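What follows is calculated from the coordinates using simple rules that are stated; it is not laboratory data. Quick caveat, the model's predicted, so the values are computed rather than measured. Cβ coordinates were reconstructed from backbone atoms using ideal geometry, including for glycine residues, and neighbour counts include every protein chain displayed.
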Protein chains: 2
Amino acid sequence: MARRMFGQIGRLKKEKIEEYKTLHAAVWPDVLKTITECNLENYSIFIKGDLVFSYFEYTGTDYEADMEKMAADETTQKWWGYTKPCFEKYDADSEAAFYEDMESIFYYK
Amino acid sequence: MARRMFGQIGRLKKEKIEEYKTLHAAVWPDVLKTITECNLENYSIFIKGDLVFSYFEYTGTDYEADMEKMAADETTQKWWGYTKPCFEKYDADSEAAFYEDMESIFYYK
């Protein structure tokens, strides 16, 4: 089973940066459980100024289906009710205010 | 031996984005060898617009010493002679034009 590495970037509202950090210092156990059930591993979030970067690895066989499964999870929806309002649109071209996929240009085991 | 996750961000000159991608499509073998010898693993680079994000894991016992070792490697210095000119300063507060460490705010295995 191939492991796929993902990088995503987002921009936080300046007045919500501290709240986003506080939320992620104690992520709800059921949100973590769903991450595992959706085949995501080795999940990190980094921050610099108002930019947040997420890195994770996908170990399943149908990424889109697993992301739909995550989005359908009730606890994850409640969690996003707290985290998504911390974001503003990444840039003028963004459709929504949340994480956006980056392009992988290098990988070395 | 603890594994430490690192995230770094940098800003490319707009006219150098394609060159940076091309360079990383075929990184020199001796640069990769030095990465391994300096105890870095699972190294990814992602790009969006002019922003680049690097993720890697450090498995050694003295990160600063290993980074000095990397900086002293002649081939790596030559490689940086191609890659560093692709960068501009990340922001007005930046000391130099290259990658800057981000703060880790979340990790889940």
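Of the residues A:LYS33, A:LYS16, the one with the fewest other Cβ atoms within 10 Å heads the list, and the complete ranking is A:LYS33, A:LYS16.
The alpha carbons of region A:4-101 give a radius of gyration and a Dmax of 13.2, 38 Å, in that order.
Charged side chains reduced to their Cβ positions (Lys and Arg at +1, Asp and Glu at -1) give the protein assembly as shown a dipole of some 20 debye around its Cα centre.
For the protein assembly as shown, the 222 nm mean residue ellipticity estimated from helices alone, with every DSSP H stretch of n ≥ 4 adding -39500 (n - 2.57) and the total spread over all residues, rounds to -9500 deg cm²/dmol. The charge dipole of region B:4-100, taken about its Cα centre with unit charges on the Cβ of Lys, Arg, Asp and Glu (plus for the first two, minus for the last two), comes to roughly 420 debye. Roughly how large, in nm² to one decimal, is the mean projection of the convex hull of the alpha-carbon atoms in the protein assembly as shown? That works out to 12.9 nm², a quarter of the Cα hull's surface. Here A:LYS33 is the anchor, and the lysines within straight C-alpha reach of less than 30 Å, apart from those fewer than 8 places off in the same chain, are A:LYS13, A:LYS14, A:LYS16, A:LYS21, A:LYS48, A:LYS69, A:LYS78, A:LYS84, A:LYS89, A:LYS109, B:LYS48, B:LYS109.
Between region A:68-83 and region B:1-44, what is the separation of their alpha carbon centroids in Å? After rounding, the separation between the Cα centres reads 33 Å. Using the Cβ-Cβ distance between A:THR75 and A:GLU95 with R0 set to 25 Å, the FRET efficiency works out to roughly 0.50.
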